[in-house]
1. Give the residue from 142, 259, 154 lying farthest towards the positive end of the charge dipole for the chain; charges sit on Cβ (+1 for Lys and Arg, -1 for Asp and Glu) and the dipole is referred to the Cα centre.
2. Report the relative contact order of the chain, percent, no decimals, based on alpha-carbon pairs under 8 angstrom and at least 6 residues apart.
3. About its Cα centre, how strong a charge dipole does the stretch 43-108 have in debye, to the nearest 20, once Lys and Arg get +1 and Asp and Glu get -1 at the Cβ?
4. In the Gaussian network model of the chain, springs joining C-alpha atoms below 10 Å, which of 242, 46, 84 carries the largest mean-square fluctuation?
5. I need to check one value: relative contact order of the stretch 162-263, counting alpha carbon pairs closer than 8 Å and at least 6 residues apart, in percent.
6. Toward the positive end of the charge dipole of the chain, about the Cα centre and with charges on Cβ (Lys, Arg +1; Asp, Glu -1), which of 235, 16, 170 goes farthest?
7. In whole angstrom, how long is each semi-axis of the equivalent ellipsoid of the stretch 10-150, when you take the square root of 5 times every eigenvalue of its Cα gyration tensor and sort them from largest down?
8. Which whole-number percent of Cα pairs in the chain have a distance greater than 26 Å?
Amino acid sequence: MPVLSHLSSPDDWIDPDTVARPVVTYGFVTDNLGKVEIDFHHHDRSQLLLTLRGVLACELEGGLWIVPPQSAMWIPGGVRHRISAAGSIEGYNAFIDPASAPDLPQASCTLSATPLLRELMVRCAHLLVHYAQDGMDGRLVGLLLDEIAITPPGKLHLPMPSDRRLRGVVDMIMADPADRGTMADWAARAGLSERTLARLIGRETGMSFGRWRQQLKIMLALQLLAKGSTIQQVSDQLGYESAGSFVTMFRKMLGAPPGRYMAARTRAVPG
């Protein structure tokens, strides 16, 4: 269930799976939120989770996604997931009956939310839960479904291994991302040979160990930047030799330096 606020009062919460409408949309806003985690759960409906301010982490079985500001996460109906967030968050949830929109994505993914998609999510969140399906409200919802179908996928996905030994390595890296140990160091800590670690991580994630760790650090960097950490602080917390080397890596992975990337996603929220 989303964290609701003045955009959608907790008293107004209705389980979207019980609503006789193809789409149910809620807004949520939190200020100075401590760390919150909604444990593994699922909905019969598919879910579009859009963030306008703040960063959410969404873990599904087999993957971790980061949802930065001005981006969205698509979760098909029935898929178990958990969501964590910290700090100030503003966003919207749309719960969609899969039968009403067969052209929407069949697999979990992030979406690079278009300006129109953001505006439509905001508008739909202000509709009555049992909105009139004939007329403007119904057309607005139909346009939202059409826009979701053509929105391009994002890139902030990290495959999560299921092997118990690899998950131990993952947990250690996430607990201390500044640790600059080599792959041989991490293999030894997991009781594996370096060759076995390389083979397992490639088989389960489709990435090399170095590439996987770099992608993880990008995701952690986005969370830290969204909380207000400086580039130097993020560089230190993630174990980079210098702020310059962190900025170079960030630009290579996401196409813009950290300051510009985050500034583009923290502009005025549509109203």
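Read the figures in this text as sums done on the coordinates, not as results from a lab. Note that the structure is predicted; figures quoted are calculated from it, not measured. For neighbour counting, all protein chains shown are included, and Cβ atoms are generated from backbone atoms with ideal geometry for every residue, glycine included.
1. Of the options given, the answer is 259.
2. Details: 465 pairs, mean separation 48.5, N = 271.
After rounding, I find 18 percent.
3. Values: 4 positive and 6 negative charges, 33 e Å.
So the magnitude is around 160 debye.
4. 242
5. Numbers: 72 pairs, mean separation 21.9, N = 102.
It rounds to 22 percent for the stretch 162-263.
6. The listed residue farthest towards the positive side: 235.
7. Values: eigenvalues 100, 56, 45 Å².
Sorted largest first and rounded, they come to 22, 17, 15 Å.
8. Details: 16307 of 36585 pairs.
Summing the P(r) tail past 26 Å for the chain gives 45 percent.
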